[in-house]
Amino acid sequence: MALAKTGGLKRYYDVNGWLFIAPALTLIGIFLIYPIFRSLFLSFYSGKGMMLKFAGFGNITRLANDPVFLKALINTTTFFVIQVPIMIVLALILASLLNMDRLKFAGFFRTAIFLPCVASLVAYSVLFKSMFSVDGVINQALMAIGLIGMPIGWLTEPFWAKVLVILAITWRWTGYNMIFYLAALQNIDKSIYEAARIDGVPAWARFVHLTIPMLKPVILFTTIISTIGTIQLFDEVYNLTEGKGGPADATITLSLYIYNLTFRFMPSFGYAATVSYVIVLMVAVLSFLQFYAARERS
Amino acid sequence: MTQIATPSPRVRRLLPETATYITLSIAAFVSVFPFLWMLISSTNTSIDIIKGKTSFGAAFSTNVVNFFTQVDVPLVFWNSAKVSILTTLLTIAVSSLAGYGFEMFRSKMRDRLYALVLLTLMVPFAALMIPLFMMMGRAGLINTHIGILLPTIASAFIIFYFRQSTKAFPTELRDAAKVDGLKEWQIFLYIYVPVMRSTFAAAFVIIFMTSWNNYLWPLIVLQSNETKTITLVVSSLASAYYPDFGVVMIGTILATLPTLLVFFIMQRQFVAGMLGSVK
């Protein structure tokens, strides 16, 4: 490999190296890196439409006194704090059930539970909207089995509207997370479980003391990507609530608020950019946690 | 009954097994039900749908006819297909080249740039959409499909996926090809692409589905009926003041069908593509 030191080969190596990555780097530079700095720059400006003027930290003061922003922040946080743990636990239980020996119809169950991942976010939101109408199929079923006496106003009562959003996201993403756990479980030696079973360890204890500790890295990974996804929640609330995030802003998320600030009324690009940086910060903190956790693992 | 009072080993084994099947059946039913609901409701009138009718009705042809009169179906489908297929092909081209380049031609500078690429994974779209919209406005690309395409081609995740997969590409093949006098682009095109075809297939599935289902960015950019994609059409039909859910159901079926087909034909690649990120 003495040749590697000569200039010709090194240049050949370099020219090719740059040529292969140049298209991707150009696109990422223009459509990802430039806009993220442009947004930061915009967040110091205020005004309507293209009439922007420098506002310093004015937008941040406005943020602190904006009740809708506060609502959007609280809603977004509520959604991921409640929804992500429920979904992760459900996905873990389903994955460990599917991983059992001699399970019949395993392929059928796996495909069925995974199927929601194929639905587009818009399509399933619209389906849920029709299923959860006041006289709709869900209320009727719940009343038939005696769980509720009166129909629930899923789309009209603030509390239930939030529950509906959580139910919807859980339906869509549980199977997705389950696939990650199934893949990880299949790499675990089955004889550990067999030994625990012979020693008389009950199923729930095997789940808590064997499955969860062994899957910790994947659980952490999926928790963080799910949280990042939920922080950016938009399609579902937009389509469940005709773009309003109602009733009475009960389901408005940060992304929906940014959209409304920018595209529903006379655009406030500067202030919307400031709100978007709240999302950037939240995602950055989570990504940092993930990076930190991944390094600790290795 | 006496058997349950003093469980025999056989019953002790059967009990959790039954619970497992019941739990999985409920989960499977809940997962599949909205799809069934979509099929059943496509045969019912809007009023019946809202009232929760769970049996097939006779309104299917009316719903189809109404959908086709309200929506220019061939045009909308052509818009969606054009955007998704072009996005998929371009993203694959750009990202596979980058994945190969970053892995095969390592240098300190390029490794640093790769770290920067990975850093963009954490940039939320909400923080990009305002500057991107302003850029597209200046470039005159609002309401065009190119305006949709351009920002979605640069995908750090797909580049990452290709680079990770390239680690499994046998370098002996590349060395042998070099001895035979092949240039780098020839090695990429004639050796790398065929050898890595399962990686390409998985990337195809993932990008196509994401692009077909993409909503927020098209919602911002596409403003006229002539350019709208199927997702936008379904959304606007359903957000009318009095939506005709029978018509909406035909829309959701048409919007879901292509991704459902891709999933059932390429299920293995689909799962492989998804898991690609944790390997």
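The values are calculated or read from the model by the stated rules, or taken from the named source; none is laboratory data. The model shown is predicted, which means the values in this text are computed figures rather than measured ones. Positions of Cβ are backbone-derived with ideal geometry, glycine not excepted, and every protein chain shown enters the neighbour counts.
Among the conditions (1) more than 30 Å from residue B:51 (Cβ to Cβ); (2) more than 7 Å from chain B (Cβ to nearest Cβ); (3) surrounded by fewer than 20 Cβ atoms within 10 Å (Cβ to Cβ), the only one that residue A:100 does not satisfy is (2). Of the residues making up segment A:247-260, those that are more than 9 Å from every other protein chain (Cβ to nearest Cβ) and in a helix (DSSP H, G or I) are A:256, A:257, A:260. Looking only at residues in segment A:179-197 that are surrounded by fewer than 19 Cβ atoms within 10 Å (Cβ to Cβ) and within 13 Å of chain B (Cβ to nearest Cβ), which one is farthest from the chain's Cα centre (by Cα)? Restricting to residues being surrounded by fewer than 19 Cβ atoms within 10 Å (Cβ to Cβ) and within 13 Å of chain B (Cβ to nearest Cβ), the top hit is A:197. Restricted to segment A:141-166, and to residues there that are within 14 Å of another protein chain (Cβ to nearest Cβ) and part of a helix (DSSP H, G or I), the residue that is surrounded by the fewest Cβ atoms within 10 Å (Cβ to Cβ) is A:144. The set of residues in segment B:117-131 being in contact (Cβ under 8 Å) with a residue 40 or more places away in the chain and surrounded by fewer than 20 Cβ atoms within 10 Å (Cβ to Cβ) consists of B:118, B:125. Of the residues examined, residue A:128 is not one that is within 22 Å of the chain's Cα centre (by Cα), more than 21 Å from residue B:256 (Cβ to Cβ) and of a type in the set (A, V, I, L, M, F, W, C). Scanning segment A:111-135 for residues that are assigned to a helix (DSSP H, G or I), more than 7 Å from chain B (Cβ to nearest Cβ) and over 30 Å from residue A:99 (Cβ atoms) yields one hit, A:125. The requirement of being within 9 Å of chain B (Cβ to nearest Cβ), over 30 Å from residue A:180 (Cα atoms) and either touching a residue at least 60 places away in the same chain (Cβ under 8 Å) or among the acidic types (Asp, Glu) (or both) is fulfilled somewhere in segment A:5-26, by at least one residue. Whenever a residue of segment B:100-116 is within 8 Å of chain A (Cβ to nearest Cβ), its partners that are buried (at least 19 other Cβ atoms within 10 Å of the Cβ) and charged (D, E, K, R), lying with C-beta atoms within less than 6 angstrom and at least six residues away or across chains, give the pairs B:102/B:163. Looking across segment B:137-171, the residues that are in a helix (DSSP H, G or I) and farther than 22 Å from residue B:93 by Cβ come down to B:137, B:138, B:171. Among the criteria (1) within 7 Å of chain A (Cβ to nearest Cβ); (2) at pLDDT below 95, the one residue B:94 does not fulfil is (2). Are any residues in segment A:142-164 of a type outside the set (Gly, Ala, Ser), under 17 Å from residue A:128 (Cβ atoms) and touching a helix residue (DSSP H, G or I) at 6+ places or on another chain (Cβ under 8 Å), and if so, which ones? Matches in segment A:142-164: A:151, A:152, A:154, A:155, A:162, A:164.
Per-residue answers, yes or no, for (1) within 10 Å of chain A (Cβ to nearest Cβ); (2) at pLDDT below 95:
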{"residue": "B:4", "(1), (2)": "no, yes"}
{"residue": "B:28", "(1), (2)": "yes, no"}
{"residue": "B:43", "(1), (2)": "no, no"}
{"residue": "B:65", "(1), (2)": "no, no"}
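Annotation note: Cβ proximity below 8 Å between a residue of segment B:132-147 that is at positive phi and a residue that is surrounded by fewer than 15 Cβ atoms within 10 Å (Cβ to Cβ) and not aromatic (Phe, Trp, Tyr) (sequence gap 6+ or interchain) occurs for B:143/B:223; B:143/B:224.
Among the residues examined, residue B:24 qualifies as at pLDDT 95 or above and either away from chain A (no Cβ under 12 Å) or closer than 30 Å to residue A:102 by Cβ (or both).
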